[in-house]
Amino acid sequence: MNGNPQGDQRPDRRRAEEPVERFRPTSGRLLGVVALVLAATVIVVGVVDHDGGLPWTMIAGAVVFGALVWSSMLRPRVWATESDLVMRNMLDTVRIPLAAIESVVVRQVLAVGAGDARYVSPAIGHTMRQTFKASHGAPRKDATESYPVFVEERISQLAEDARARLGIRRYSDEQVALASGVRREPAWPEIVVLAVASVVFVGSILV
């Protein structure tokens, strides 16, 4: 007999948290990469050739700028595991039980309703022009014409499949109870880098 039952459960738990479907971000990737490269260039030049004239204020500012670009434009992602929808946002990661999802809407951002809460992700969204046209009566595109529409419909289907597996109905008390299982995990590396770099930046201005 295995004396470590928890050890037997860990591989299953890891598999349950592995992505089974990833949704590609819809905007900001190229601009974010360019901005991050520029920030990194300033930081490297400033550190390697500090005598060349770049002040520490500019270097610290580049670190803050780079951290903001990474957190706001490159970090946000959305994927689904066997049981959860995972929304990795600027400074946190939210895990929503698929069966707890009551509504999915994609406009300029992805908005998911579960229980009494609404969770948003900037990783998936329509452009401002598309949102404006839709709000003024333009016909809605289908999933074959619009990737954000595909994401909206796909997440809705995954949520419906999860409810069917558990045998619960939409808007039932059982579904509401599942919403208490939403987990929010702070993005500590990004939070620490932003906090420290901001303190250094402000301090270098005041000194």
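The values are calculated or read from the model by the stated rules, or taken from the named source; none is laboratory data. Remember, it's a predicted structure, so these values are computed and weren't measured experimentally. Cβ coordinates were reconstructed from backbone atoms using ideal geometry, including for glycine residues, and neighbour counts include every protein chain displayed. For the accessible areas, the whole protein counts, side chains as well, though only heavy atoms, and no ligand, DNA or RNA atoms are used. Shrake-Rupley method; radii C 1.70, N 1.55, O 1.52, S 1.80 Å.
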Restricting to Cα pairs under 8 Å and 6 or more apart, the percent relative contact order of region 60-207 works out to 30 percent
Measure of exposure for S83: accessible area at 1.4 Å probe, Å² rounded to 10, is 60 Å²
Label-to-label distance, nm, for residues given as E82 and S180 (7 Å Cα→Cβ offset):
2.4 nm
Overall Cα dimensions of the chain - principal axes, largest extent first, Å:
67, 64, 28
How much area per residue is accessible in region 101-196 when the probe is 1.4 Å and only protein heavy atoms are counted (Å²)?
64 Å²
Nonlocal amide H pairs with A114, under 5 Å, H built at 1.01 Å:
E102, Y119
Taking the chain as a Gaussian network, where each spring joins two C-alpha atoms under 10 Å apart, which residue of I96, I124, I168 fluctuates the most?
I168
How much accessible surface does W188 have with a 1.4 Å probe, in Å² rounded to 10?
150 Å²
Helical mean residue ellipticity (222 nm; -39500 (n - 2.57) per DSSP H run of 4+; nearest 500) of the chain:
-15500 deg cm²/dmol
With all protein chains in place and a 1.4 Å probe, T131 shows an accessible area in Å² (nearest 10) of 30 Å²
Along the charge dipole of the chain, which of A143, V86, A159 sits closest to the positive end, that is, farthest toward it, with unit charges on the beta carbon of Lys, Arg, Asp and Glu (+1, +1, -1, -1)?
A143
At a 1.4 Å probe radius, carbon and sulfur cover how many percent of the accessible area of the chain?
60 percent
Using heavy-atom solvent-accessible surface (probe 1.4 Å) with all chains present, what is the largest-first order of D116, D49?
D116, D49
Kindly point out which whole DSSP H helices in the chain project their C-alpha atoms 24 angstrom or further along the helix axis while averaging a Kyte-Doolittle hydropathy of 0.0 or above.
29-48, 188-206
Which one of T127, G203, I168 is farthest out on the positive end of the charge dipole of region 106-207, using unit charges on Cβ (Lys, Arg +1; Asp, Glu -1) and the Cα centre as origin?
T127
